[in-house]
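Undergrad: First, the structure itself, so that you have it in front of you.
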Amino acid sequence: MKLFPLGSSDKSEKVDPEITESSIEDTVNLGKGRPTPKRRDAEGRRRGPVAPAPLTAKEARARRKATRGSKDDRKQASAERRAASAERRARMLAGEDKYLLPRDKGPVRGFARDIVDSRRNLVGLFMPLALLLIVAMFLTPALQSIVTLAMLIMMVFMGIDGYLLGRRVNNQVRERFPDTADGGFKLGWYTFVRASQIRKMRAPKPRVGAGDAV
């Protein structure tokens, strides 16, 4: 290696005076060809120009009307939404698992519904009897104490029937689906609520008739 005295330099290492600060920056940016744009500028170019806010209520209404489309388009979109909703409800009532609510999904819940729908439950009389007793209480205030006592007795018997129904469903579910984690009080309450509903108002609709073997 050749050593130079302190304060001296080799002629080959002399800096060209034509090299300026701008040329150095161009050399640094040579890999990309251009400086990295700021994030704010890049996002602005992606979004495009933003429409100014409406100045008057009339202008705001005109904008909403323009974005909604024509009256015929709105009617057609509304009809399509109603048709799609009716189709989803029909499939849900038919028991298609894809369209059921989360509480109704799965073979275990379907089997539990079949057990409830295959028998006549005392719990199913709760709603019509309660309605009759309430009407009778308003028609004849003198019988309020008798109606109240009758409702308490009815609720006791229906609670017993609901408890027995829940036990029966849980036992049969454990026999049919021994590996399932669905059971206990949660499944018993599910069957009690379904049994308390009028048969024609149950959703999904019953797949079996009263008295059919499950």
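The values are calculated or read from the model by the stated rules, or taken from the named source; none is laboratory data. Being a predicted model, the structure only gives us computed values, none of them experimental. Using ideal geometry, Cβ is built from the backbone for each residue, glycine included, and neighbour counts are taken over all protein chains shown. SASA here: full protein model, heavy atoms, side chains in, ligands and nucleic acids out. Shrake-Rupley method; radii C 1.70, N 1.55, O 1.52, S 1.80 Å.
Undergrad: Scan region 181-188 and give yes if some residue there is under 19 Å from Leu100 (Cα atoms) and acidic (Asp, Glu), otherwise no.
TA: Yes: region 181-188 contains one or more residues that are under 19 Å from Leu100 (Cα atoms) and acidic (Asp, Glu).
Undergrad: Any idea which residue in region 165-212 is nearest to Met155 (Cα to Cα), counting only those that are in contact (Cβ under 8 Å) with a residue 60 or more places away in the chain and open to solvent by 100 Å² or more (accessible area, probe 1.4 Å)?
TA: Checking each candidate, the answer is Lys205.
Undergrad: Would you pick out the residues in region 93-121 that are farther than 17 Å from Leu187 by Cα and loosely packed, with under 13 Cβ neighbours inside 10 Å?
TA: Answer for region 93-121, where residues must be farther than 17 Å from Leu187 by Cα and loosely packed, with under 13 Cβ neighbours inside 10 Å: Ala94, Glu96, Lys98, Arg120.
Undergrad: Starting from region 111-140, take each residue that is modelled with pLDDT under 80 and list its partners that are of a type in the set (Val, Ile, Thr), counting only C-beta distances under 6 angstrom and pairs at least six apart or across chains.
TA: Leu133/Val147; Ala136/Val147; Met137/Val147
Undergrad: A further question follows. Any idea how many residues of region 178-201 are within 21 Å of Leu129 (Cβ to Cβ) and in contact with a Lys or Arg (Cβ under 7 Å, 6 or more places away or on another chain)?
TA: Adding up the residues that qualify gives 1.
Undergrad: Here is a list: Met127, Met158, Met151, Met137. Which entry is open to solvent by 30 Å² or more (accessible area, probe 1.4 Å), outside any loop (DSSP other than H, G, I, E, B) and within 29 Å of Met92 (Cβ to Cβ)?
TA: Working: Met158 fails: open to solvent by 30 Å² or more (accessible area, probe 1.4 Å); Met151 fails: within 29 Å of Met92 (Cβ to Cβ); Met137 fails: within 29 Å of Met92 (Cβ to Cβ).
It is Met127.
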